[in-house]
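Report on the structure given below.
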Amino acid sequence: MNHFLTTLSHNHRYLLRRPNPSFTIRFASAHYKPHKPPPPQAPPTPPKPPQKPATFTLHDHTWEDPYSWMSNLNDKVAMRHMDVYMEQEQKYTEAVLADTDRLQSKLQSEMASRMSSQLSTPPFRWGPWLYYRRVEEGKQYPVLCRRLASLNEEFISHKSPTGGFDFISGKRIEQKLIDYNQEAERFGGYAYEEVSEVSPDHRFIAYTMYDKDNDFFKLCVRDLNLGSLCSKPQADWVCNVAWAKGGQALLYVVTDQKKKPYRIYCSMLGSKDEDVILLEEPEENVHVNIRHTKDFKFVTVYVFSTTYSKVFLINAADPLSGLTLVWECEACAHCIIEHHQGYLYLFTNANKEGQSVNYHYILRSPLHSSIPRKWENVFIDDNDLVIEDVDFCDTHLVLIVKEGGRFRLCSVALPLPRNKDVFHLKELGLHFLPLPESVSQISPGPNYDFYSPIMRFTISSPVMPDAVVDYDLSNGKFEIIQQQNLLQERTRVLYGTASSVGPTTDKKSNGNKDGSWNDLCEFYGCEKHEVVSSDGVKVGLTIVYSHKRKKEGENPGLLHGHGAYGELLDKKWCNESKSLLDRGWILAYADVRGGGGRGKKWHEDGRSIKKTNSISDYISCAKFLINNKIIHQNKLAGWGYSAGGLLIASAINFSPHLFRAAILKVPFLDPSNTLVSPILPLTPADYEEFGYPGDIDDFKAIRRFCPYENIQNGVLYPAVLVTSSFNTRFGVWEAAKWVARVRERTIYDPNHPILLNLTTDLVEENRYLRCKESALEAAFLLKIMDS
């Protein structure tokens, strides 16, 4: 609270002059005492949860966990204590950040003003229909809609609820498929959808809704002609679906009580017969998944465990005819199978002839092949043009590639020439889509229509709002379908009327000369650096800053990191971050080992027993920013999400003096106990990533990098804001335990608070809640750096 103080000059003297200058009477307020400013309020006291030590032993190593009771979900007394403790933590966080209430409101207002006014997703065409989601005024959740493309070829967008009404004909041309506001009424005021699939005949939609009271996803199938829910199939604990028989049959995967996908069912719509079990894998470490090929002729079944990966094929025309094994390889290899004109295409990074490979490659095999099935290479390996992802349509193969560290998007005509078996990509006359500079990611869109020559992609950059692009493979031209223009405070949403830009074979073209991309390079800079890590390996570091605000050695900075599962670090432009950039902050992104973008080996060198490489890389990037005066030496903050939270928390344990603050969002902080005794289900990929505690070498490595077990004693830690949710796959107890132990072991300083902020719902589903949480995080960072 701001105090308004009035200052009185108590030594001011009033003089009465007499005729005799030597005689002066002085009046003074002998009993006057000046007002003293009120003493500063004592800082809020952090909560202290009870300690109930429990002892664990593995590999002759014994350790004690005083806060293990927080994860005893079946202990009602412990859960009551946990509820009380969580309430205390929330009140403490609110008290510490009370002086930022006005700042939070200002930040939230800024961020909300940058939200896209567009309340509809760009429509995508599938067959005769245009599908899209839009938000009605005053409603919390969107509505899934469709309209016949023939009724409105010059479709623009839905900027109001009347967007589905044709005022010329006086007819409503829009069909509402699912109103998620009504779904929220069915599910206790909460609407969260995990998967949804429209049948290939466009008559049904299958989708799963989260039942918060029972903590599972419920399968719903809706008849789009009637608008009503089908009586069959009905199932709980459903995690995935795939259509067969042209929409007459639905395959779905269910999980066990530990949320492990283990059983596949087939349900015939309109039939009274019970659903048939196609596959069951009850073993603890075996998981299953399904997806349909893009031409809907097959359903692929993926079975993966800690020792192997297998892919089976189901004939979609006869889903009860059985499963055919078409591929088998080592554990945790990435495998995607597609079908195209009598050939199976496999996109994978599995070992070749027993030897590990660094990048993905494409194999193909005739559909009706001899047993054992033979797979052949499609393209000759090229280290200068690395395939990152693929997408198919009937006439083309589209490749997302990396060339010289830059993302590119190109297409190859299908079928491939028959004069040879294997091809060099560059000899196929690739058509490249012209792209802006600093592209950080290219993501395929829905692309359901296998027979359409138009495919959709999202182009992301640190200095450009995401651009949704339709790429016409028949002529090589593209249209920007949706992209927010922050400079004009509007969103460009076009369909069928956008100016088209042609293809290029010039690999130096960036596609920005005509000004078609709404980038922000005039105002914000993006630089890329190579940082030498502790063992000599070069690590990519991207920094983003305001041209006007950058000052050598003076700027505060936020260093992002993830480094897990071989996933790309998200570096795309974020409207919320503009509030920090415009206040002089520098945003930095460390592409540490364990993450994606540099091949399989880059991932393997940062996982399991090599996880400390990720931490060393991150610390090296932090030191680089400070030593090169890009960021002020006392104003560096870290930021990590999920497994990235483990990275930042571990870096703090190794070098707490480097950081002034950190934000850990739904972090994984206690792998030591979680991997040994999982409360929530873990996948084989989780164990591959962090290690198998049953293996003594893996166990020792886990103990070395575990953030919860390596908090330093008697050291001042940076201020940390931990955000968690009761819905996170890494339980809220991980965050609570870490916060409690940091306070217990480290030096207490009210200017370095350790805070835990809880969200009760999935914030990602509500953009206003996201905005509010982002404002709180930014206010926390600004407060700490100014303190």
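The values are calculated or read from the model by the stated rules, or taken from the named source; none is laboratory data. Everything quoted here is computed from the prediction, not taken from an experiment. Neighbour counts are summed over all protein chains in view; Cβ atoms, including those assigned to glycine, are modelled from backbone coordinates with ideal geometry. The accessibility values were calculated without ligands, DNA or RNA, using every heavy atom of the protein model including side chains. Shrake-Rupley method; radii C 1.70, N 1.55, O 1.52, S 1.80 Å.
Brief remarks on what is shown
- Sole exception among (1) open to solvent by 20 Å² or more (accessible area, probe 1.4 Å); (2) closer than 26 Å to Asn757 by Cα; (3) of a type outside the set (Asp, Glu) for Val676, by number: (2)
- For the range 336-376, a residue qualifies if it is part of a strand (DSSP E or B) and over 33 Å from the mean Cα position of the chain (by Cα), and the qualifying residues are Tyr343, Ser365, Pro366, Glu376.
- One residue stands out in the range 388-424 among those that are farther than 25 Å from Asn475 by Cβ and touching a Gly at 6+ places or on another chain (Cβ under 9 Å): the one that is surrounded by the fewest Cβ atoms within 10 Å (Cβ to Cβ), namely Gly405.
- Single unsatisfied condition, Phe217 versus (1) at pLDDT below 95; (2) not in a strand (DSSP E or B): (2)
- Those residues of the range 288-308 which are open to solvent by less than 10 Å² (accessible area, probe 1.4 Å) and in a strand (DSSP E or B), in sequence order: Val288, Ile290, Val299, Thr300, Val301, Val303
- Hey, Asp698 among the acidic types (Asp, Glu) and farther than 29 Å from Ala637 by Cα or not: yes
- Residue in the range 177-233 that is farthest from Ser271 (Cα to Cα), counting only those that are open to solvent by 20 Å² or more (accessible area, probe 1.4 Å) and small (Gly, Ala, Ser): Gly189
- Screening the range 668-744 for helices (runs of 4 or more DSSP H) wholly inside it with 1 or more residues that are of a type in the set (Val, Ile, Thr) and out of contact with any strand residue (DSSP E or B) (no Cβ under 7 Å at 6 or more places or on another chain) returns the ranges 671-676, 696-705.
- Strands (runs of 3 or more DSSP E) completely within the range 428-490 that count 3 or more residues being touching a Cys at 6+ places or on another chain (Cβ under 9 Å): 454-461
- Residue match in the range 555-574 (condition: surrounded by fewer than 18 Cβ atoms within 10 Å (Cβ to Cβ), within 17 Å of Ile626 (Cβ to Cβ) and at pLDDT 95 or above): no
- A Cβ distance below 6 Å, combined with a sequence gap of six or more or placement on separate chains, defines the contacts here; from the range 222-237, residues that are under 16 Å from Ser196 (Cα atoms) reach residues that are part of a loop (DSSP other than H, G, I, E, B) in the pairs Asp223/Cys230; Leu224/Arg203; Pro233/Asp275.
- Any hit, the range 731-744, residues being modelled with pLDDT under 90, under 20 Å from Thr93 (Cα atoms) and under 26 Å from the mean Cα position of the chain (by Cα): yes
- Any strands (runs of 3 or more DSSP E) falling wholly within the range 241-283 and containing at least 3 residues that are farther than 25 Å from Asn214 by Cβ, open to solvent by less than 60 Å² (accessible area, probe 1.4 Å) and free of Cβ contacts under 8 Å to residues at least 24 places away in the same chain: none
- Residue in the range 119-142 that is small (Gly, Ala, Ser), modelled with pLDDT under 85 and in a strand (DSSP E or B) present: yes
- Only one of Asp686, Asp697 that is within 24 Å of the chain's Cα centre (by Cα), of a type in the set (Asp, Glu) and surrounded by fewer than 24 Cβ atoms within 10 Å (Cβ to Cβ): Asp686
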